[in-house]
Amino acid sequence: MSYIRDDNSTKRRIGMAITYVVLILFAILAIAPLVWLAISSFKTSQDYQMNHLGLPKRWFYQNYIQAWKRGNFGIYIVNSVIYTACTTVAILILSFMSGFAFSKIKSKATKGIYGSYVIGILMTLQSIMIPLFIVINQVGLYDTKLGVLIPYIGIGLPMGVYLATEYMRSIPGALVESARLDGASYWRIFFSIIAPMSAPVGTTIAILQISGTWNEFMLINMLTSSKENKSLPVGIQSFAGSLSTDYGKLFASLMIGLIPMLIFYLVFRKEITKGVSAGAVKG
């Protein structure tokens with residue numbers, strides 16, 4: 001029996017060792033490009049062309065200052081914050097309210113309307129870009145912030161409604177029924193019971209919208225023409241086009257776009273982990 005226990009213990013240790021090796025390899029693959037980008041952003045173009053992978057001969061901090069000034073990143077970052085914040089807040093509010101109606105309020109129209117949201121998830125951005133551009137142009141919203149926010153909210157809403165609805169369906173209906181018997185309105189039930197209990201899925205929806213809106217490029221590049229309304233990804237792309245051989249400033253502009261998202265994760269990493277984990281378990 002002791003030989004069997006020793007053999008099982010050895011197999012477990014080998015299995016754990018293999019698991020740790022695989023996890024370490026994946027971690028290296030994920031982190032290495034970021035480290036390389038950060039190091040390369042401090043190189044001059046000549047230094048980068050002569051030494052792609054090594055440390056810079058001289059840490060050229062001016063890349064960030066020059067990239068910021070030439071790329072007008074001050075305006076682009078403010079616009080990205082506006083688009084990301086407004087889109088995320090709007091989708092959270094509309095998703096929670098729609099999810100509550102679809103999951104807890106019985107109606108003959110519920111299934112059909114909810115089905116249209118599910119179909120919306122399957123639609124690709126490329127399939128609606130031309131019709132969307134025509135509509136936005138016809139109603140006079142081209143090259144305006146509102147003309148960007150409305151499509152952003154409309155495109156992100158189906159996934160938000162789907163996640164919120166499926167999560168709220170797992171909340172016991174007896175809570176709603178007992179509150180209704182006590183005389184509570186649907187608004188009171190929503191704000192006092194459903195919304196607080198659905199905070200984990202709200203975190204998941206917020207993460208998806210923040211990362212998606214902050215990094216979105218194709219739609220805003222099509223719906224805007226002036227610098228006053230463009231966002232950071234468009235600024236980075238135009239920077240690469242006009243200074244494609246100035247690798248140091250190009251890499252610095254990419255880091256400028258990454259730093260806000262890294263700060264967001266570091267500040268809210270505990271809330272993000274708790275929200276995603278709780279949402280996955282509950283759903």
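The values are calculated or read from the model by the stated rules, or taken from the named source; none is laboratory data. Predicted model only: the values in this text are computed from it and were never measured. No Cβ is skipped: glycine too gets one built from the backbone with ideal geometry, and neighbour counts run over all protein chains shown.
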message: Against the conditions (1) without any contact (Cβ under 8 Å) to a residue 40 or more places away in the chain; (2) under 21 Å from residue 257 (Cα atoms); (3) not assigned by TED's automatic domain parsing to the domain that holds residue 228, where does residue 78 fall short? Just the number, please.
response: (3)
- prompt: Based on what the data block shows, is residue 222 within 27 Å of residue 152 (Cβ to Cβ) and either modelled with pLDDT of 90 or more or over 25 Å from the mean Cα position of the chain (by Cα) (or both)?
  reply: yes
- request: Mind counting the residues in the stretch 66-97 that are of a type in the set (S, T, N, Q) and surrounded by fewer than 21 Cβ atoms within 10 Å (Cβ to Cβ)?
  value: 2
- prompt: Which helices (runs of 4 or more DSSP H) does the stretch 1-105 wholly contain that include 1 or more residues that are modelled with pLDDT of 85 or more?
  reply: 2-40, 62-71, 73-104
field: Subset of the stretch 211-229 (residues that are in a helix (DSSP H, G or I), of a type outside the set (Val, Ile, Thr) and surrounded by 14 or more Cβ atoms within 10 Å (Cβ to Cβ))
entry: 211, 212, 214, 215, 219, 221, 222, 223
query: Can we say residue 63 is more than 23 Å from residue 204 (Cα to Cα), of a type in the set (S, T, N, Q), touching a residue at least 24 places away in the same chain (Cβ under 8 Å) and surrounded by 20 or more Cβ atoms within 10 Å (Cβ to Cβ)?
result: yes
task: For the stretch 147-181, name all the residues that are closer than 24 Å to residue 192 by Cβ, surrounded by fewer than 17 Cβ atoms within 10 Å (Cβ to Cβ) and not acidic (Asp, Glu).
output: 169, 170, 172, 173, 174, 175, 178, 180, 181
